[in-house]
Structure formats: structure tokens, C-alpha cells
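This report refers to the structure that appears directly beneath it.
The values are calculated or read from the model by the stated rules, or taken from the named source; none is laboratory data. Keep in mind that what you see is a predicted model, and the values were worked out from it rather than measured. Don't worry about glycine lacking a Cβ; one is built from the backbone with ideal geometry, like all the others, and counts go over all protein chains shown. Each accessible area value is taken on the protein alone, full model and side chains, heavy atoms only, with ligands, DNA and RNA left out. Shrake-Rupley method; radii C 1.70, N 1.55, O 1.52, S 1.80 Å.
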Amino acid sequence: FSVDTSKALDLLRGAGIYEKPEQSFREILQNAVDSTLIRIWEEHKQNTKIFDEPFTKEFKSLIKNYPIKVSIKSLKVKDKYKIWEITIEDNAMGLSSNDLKYLINAGSSSKNLSKSNIVDNMPKWLRPSGIFGIGFQSIFQLTEEVNIETKDFENEQYQKITLHSPESLKNGAILLEKKDSNHSIKPGSKIIFKYKTKKIPSFYSHGKEDTFSKQIIDEYDFFKVESLDIDIAYFIDEIVKFSTFCYFPIKIELDTDNVTLNKEEKKPFEYFDKKGNRRFEIAEIN
């Protein structure tokens with residue numbers, strides 16, 4: 001028996017798990033967090049002081065070395081659309097050939113015994129919320145092709161993987177390239193995909209709270225700015241929401257500007273986009 005991934009994606013949409021497509025991006029961020037938690041345990045489990053109790057000073061200090069980086073770059077404008085490249089990079093466990101087998105088989109992650117055995121030995125407070133599965137495949141609500149560059153922490157195997165949506169013309173095809181590795185390539189994964197947005201969307205909205213999307217709408221000037229990048233603003237809003245519940249610092253690179261979301265700093269987070277003259281801030285990241 002096997003799962004029809006196209007049907008599974010249809011079920012995800014129909015069940016209303018994601019009100020907006022960009023919310024599925026949180027699944028990818030959560031995968032990065034889960035894999036990083038496993039990496040920290042495997043790398044430091046001999047030092048019992050770190051894990052004796054939840055969130056020791058040693059643990060809080062340690063996680064600063066494992067940031068999750070999100071890069072959002074505008075590539076080109078084509079007709080009524082704008083093409084972006086989105087990259088999520090972590091310093092986590094990476095993907096082995098065995099992990100990939102479960103990644104591409106929707107709903108089978110619980111059968112990945114090599115990962116499950118590691119998780120079972122972790123302190124309960126440290127255990128990840130899940131392992132790669134249908135959550136990852138929700139990325140195909142955003143794009144038809146995903147590229148992964150990954151180096152496995154355990155055996156240092158380096159691979160480049162291209163995954164195609166089961167609903168695309170390539171019908172779920174997978175290209176796997178095993179590459180030579182060296183010490184300059186660190187364990188972890190880099191997920192890259194292109195995302196298409198309308199230059200001027202026909203419909204958009206925002207809540208009452210002070211979000212990046214709200215400020216972009218409030219400050220938009222049709223005569224000065226070529227496009228209303230509200231869909232990318234929704235992405236940033238989702239990243240900000242996610243960061244409030246995340247152990248690890250999340251770094252955002254938006255074209256040429258860099259910001260870091262880190263709940264430990266307890267300071268207002270401010271972003272300034274020189275090109276569009278936009279700014280947003282969150283009063284406090286708890």
C-alpha cells in the first residue's frame with residue numbers, strides 16, 4: 001500500500017490546516033528545529049549538565065550556535081508576476097539516504113527507526129515535535145520544485161536532491177546526486193525553492209495587529225513602488241510568529257538587508273528596507 005501524495009495535498013487544503021499557503025512554510029521551519037534538536041543531543045549528550053533540567057544556562061548558551069537562516073531574494077519580474085528565491089538553511093542533522101526514503105513517502109516518518117531510536121533516548125523536554133513527513137510535502141503548495149543541499153551529520157555524506165511536486169508535469173520525479181564532501185561543508189540542510197507572487201494582487205488583507213504586511217499596505221504608494229509585495233510580507237509575518245515559540249535564533253536576509261529574530265534579547269525588533277522605505281517592529285519577542 002502507498003499514499004497518493006496528490007490526494008494527501010488535496011486533503012490538507014480541504015481540511016483547512018493552512019488558511020493561507022505561506023502558513024505551510026512553518027512546517028519547513030519546524031523540520032529545521034526538530035532536526036537541530038537531534039543534532040544538539042547527538043553532539044553534546046555526553047555533557048549531562050546541559051540536559052539535566054529544561055533550558056539550563058548551558059543549553060541557552062549552546063543554541064545560539066545553531067541559528068536557522070532564511071533568505072528571501074527577488075529574482076525577476078515577468079509579466080504580472082514577481083519571482084522570488086527562498087532559502088532555509090540549518091546546522092542540523094542533514095539528510096541521509098535512509099532519511100530521504102521516508103521524506104518522499106508521505107506519512108511514513110514514524111517508521112524511520114534510526115531517528116526514532118535517537119529521539120527515544122532524548123530527555124522528554126528536548127524531544128522534537130515530529131520528524132519529516134507530510135509536513136514537508138506541504139511545501140508543494142508553494143512551489144513545484146524544491147532543491148535540497150544536505151550533508152549528513154553521522155556519515156558526512158553530501159547530497160544534492162531535486163524534488164518535483166506530484167502535481168507538476170514531472171509527476172513527482174526525484175533527482176539525487178551524491179557529491180564529494182570536504183570539511184568546509186558543514187552538516188545540515190539548505191532548502192531552496194522559487195515562489196511566484198502577483199506584482200499587484202487582486203485581493204489582500206491584514207489583521208489589526210502591527211505586522212509587516214499591515215505596514216506594507218498602509219505605506220504602499222502606487223506611483224513610487226513597482227510592486228506590492230504583500231505575499232512576501234505574509235511570509236515574514238509567519239517567520240516572526242514562529243520565532244516567538246522557537247528556541248533558536250532565526251536570521252532573515254531580505255535581498256541585501258539582514259535581521260535576526262532572537263527571543264532572548266528582549267528588545268524591540270526593527271527592520272528597515274532602504275529600497276522601499278518600509279519599517280516594522282515587534283514590541284517584544286517573548
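Would you check which residues across region 158-185 are free of Cβ contacts under 8 Å to residues at least 60 places away in the same chain, part of a strand (DSSP E or B) and either open to solvent by 50 Å² or more (accessible area, probe 1.4 Å) or aromatic (Phe, Trp, Tyr) (or both) and list them? 158, 160, 175, 177, 178, 179 - these are the residues of region 158-185 that are free of Cβ contacts under 8 Å to residues at least 60 places away in the same chain, part of a strand (DSSP E or B) and either open to solvent by 50 Å² or more (accessible area, probe 1.4 Å) or aromatic (Phe, Trp, Tyr) (or both). Every condition in (1) at pLDDT 75 or above; (2) of a type in the set (Asp, Glu); (3) under 25 Å from residue 77 (Cβ atoms) is met by residue 154 except one, and the failing one is (3).
Of the residues making up region 84-137, those that are crowded, with 16+ Cβ neighbours inside 10 Å, part of a helix (DSSP H, G or I) and at pLDDT below 90 are 99, 100, 102, 103, 109, 115, 134, 135, 136, 137. Identify, please: which residue in region 70-83 is open to solvent by 70 Å² or more (accessible area, probe 1.4 Å) and not basic (Lys, Arg) and is, among those, nearest to residue 198 (Cα to Cα)? Checked region 70-83; the qualifying residue nearest to residue 198 (Cα to Cα) is 81. Among the residues making up region 55-69, those that are free of Cβ contacts under 8 Å to residues at least 40 places away in the same chain and open to solvent by less than 80 Å² (accessible area, probe 1.4 Å) are 56, 59, 61, 62.
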